[in-house]
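Working notes for the structure below.
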Amino acid sequence: MSYQVLARRWRPQTFDEVVGQEAVTRTLKNALQQGRVAHAILFTGPRGVGKTTTARILAKALNCDRGPTPEPCNQCLNCREITAGAAVDCVEIDGASHTGVEHVRDLQEQLIYQPVRGRTKVYIIDEVHSLSNDAFNALLKTLEEPPAHVKFIFATTESHKVPLTILSRCQRLQFKRISVPEAAGKLEEIARKEKLKCEKNVLFMIAK
C-alpha cells in the first residue's frame, strides 16, 4: 500500500468531523435538511481552516445516493469519486491560475450540460479573489441567472477583493481560526488512532 500523508488520510469527510467551524457546518446541514442550499456560497477565512474541505463535503452531501443529505454516506460511487477528486460533476478550479475572462467563458459553456452521474454540478473555485475584473463581470451574468442544476462554492482568504456585485449574490459563511485546544484535541485523536505515543504538552506545542 502506497504511503499517504497524514493530512490527507485524516482529512474530514463529514460535517461533524470539521474542527472548530460549528456555526458554518450547522448552517449548511440545516440548509440541506430544508432543501434550501443557496446557488452560490462564499467561504471566507484564513488559510488552513477547512474551506475547501467543507466545500467537498457539501458537494458529497448534494450528490450522495442518499441525498441531498446533511450526512453523506462516503460509500456510494458519487461520494467516493468526490473524495478522490475524480468526480466529473464536482469541478475544482484554482482561481489563482484561472484568472482570465476566457476561463470563465469556458466554464459557462460547460454549465448547460446536465450532471453526468449526480443530481447537481458543483463548481468549487478556490482563491476566487484572484479573478480579473473582466472574469468577475462574466461570472456575474451566470450568478444572476444560474442553471437549476448548478451550485457554486467560492473560497477566499481575501473577501475584500471580491466585488460587491458578486458578494451580494452569494451566501457568505465566515470560517474562524481554529483554537489551540481544538487543534491539540484533534492531534491527540489522530495520534491515538495512529498508535503513536505523544505527551499532551507536546501536542499542545505542535498545535500552538
Counted residues, the stretch 84-128 - those being part of a helix (DSSP H, G or I), at pLDDT 90 or above and crowded, with 21+ Cβ neighbours inside 10 Å: 1
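Conditions (1) open to solvent by 60 Å² or more (accessible area, probe 1.4 Å); (2) in a loop (DSSP other than H, G, I, E, B); (3) under 15 Å from Thr27 (Cβ atoms); (4) not small (Gly, Ala, Ser), marked per residue:
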site: Phe43; (1), (2), (3), (4): no, no, yes, yes
site: Arg47; (1), (2), (3), (4): yes, yes, no, yes
site: Thr54; (1), (2), (3), (4): no, no, yes, yes
site: Pro72; (1), (2), (3), (4): no, yes, no, yes
Does the stretch 1-9 include one or more residues that are surrounded by 14 or more Cβ atoms within 10 Å (Cβ to Cβ) and of a type in the set (Ser, Thr, Tyr)? no
Could you list, in sequence order, all residues of the stretch 56-70 that are touching a Phe, Trp or Tyr at 6+ places or on another chain (Cβ under 8 Å) and part of a helix (DSSP H, G or I)? Ile57, Ala61
Just one of the numbered conditions (1) of a type outside the set (A, V, I, L, M, F, W, C); (2) part of a loop (DSSP other than H, G, I, E, B); (3) closer than 30 Å to Gln4 by Cβ is not true of Arg80; which one? (2)
Residues within the stretch 187-205 that are closer than 16 Å to Leu6 by Cα and in contact with an Asp or Glu (Cβ under 9 Å, 6 or more places away or on another chain), tallied: 2
Among (1) open to solvent by less than 70 Å² (accessible area, probe 1.4 Å); (2) over 21 Å from Thr27 (Cβ atoms); (3) of a type in the set (Phe, Trp, Tyr); (4) not in a helix (DSSP H, G or I), there is one condition Phe136 misses while meeting the rest; what is its number? (4)
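Scan the stretch 141-150 and give yes if some residue there is farther than 25 Å from Leu32 by Cβ, assigned to a helix (DSSP H, G or I) and among the aliphatic types (A, V, I, L, M), otherwise no. So that I can check it myself, show each step before the final result.
So in the stretch 141-150, the residues farther than 25 Å from Leu32 by Cβ come out as 141.
Going one step further and asking which of them are assigned to a helix (DSSP H, G or I), we end up with 141.
Those still in the list that are among the aliphatic types (A, V, I, L, M) too: none.
Looking through the stretch 141-150, none of the residues is farther than 25 Å from Leu32 by Cβ, assigned to a helix (DSSP H, G or I) and among the aliphatic types (A, V, I, L, M).
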Options Lys208, Lys193, Lys186, Lys200: the member that is open to solvent by less than 60 Å² (accessible area, probe 1.4 Å) and of a type in the set (Lys, Arg): Lys186
Residues (closer than 30 Å to Glu145 by Cα, open to solvent by 60 Å² or more (accessible area, probe 1.4 Å), in a loop (DSSP other than H, G, I, E, B) and not hydroxyl-bearing (Ser, Thr, Tyr)) located in the stretch 166-182: Arg169
Pick from the stretch 12-27, criterion crowded, with 16+ Cβ neighbours inside 10 Å and without any contact (Cβ under 8 Å) to a residue 40 or more places away in the chain, ranking: farthest from Thr83 (Cα to Cα): Thr25
Would you check if Lys151 is over 24 Å from Val18 (Cα atoms) and not polar (S, T, N, Q)? no
Could you list all residues from the stretch 140-165 that are farther than 26 Å from Gly48 by Cβ and either modelled with pLDDT under 90 or open to solvent by 10 Å² or more (accessible area, probe 1.4 Å) (or both)? Leu140, Lys141, Thr142, Glu144, Glu145, Pro146, Pro147, Ala148, His149, Leu164, Thr165
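The values are calculated or read from the model by the stated rules, or taken from the named source; none is laboratory data. Predicted model, so just to flag it, every value in this text is computed and none were measured. Cβ: placed from backbone, ideal geometry, glycine included. Neighbour counts: every protein chain shown. To get the accessible areas, we keep the full protein, side chains included, count just its heavy atoms, and leave off ligands, DNA and RNA. Shrake-Rupley method; radii C 1.70, N 1.55, O 1.52, S 1.80 Å.
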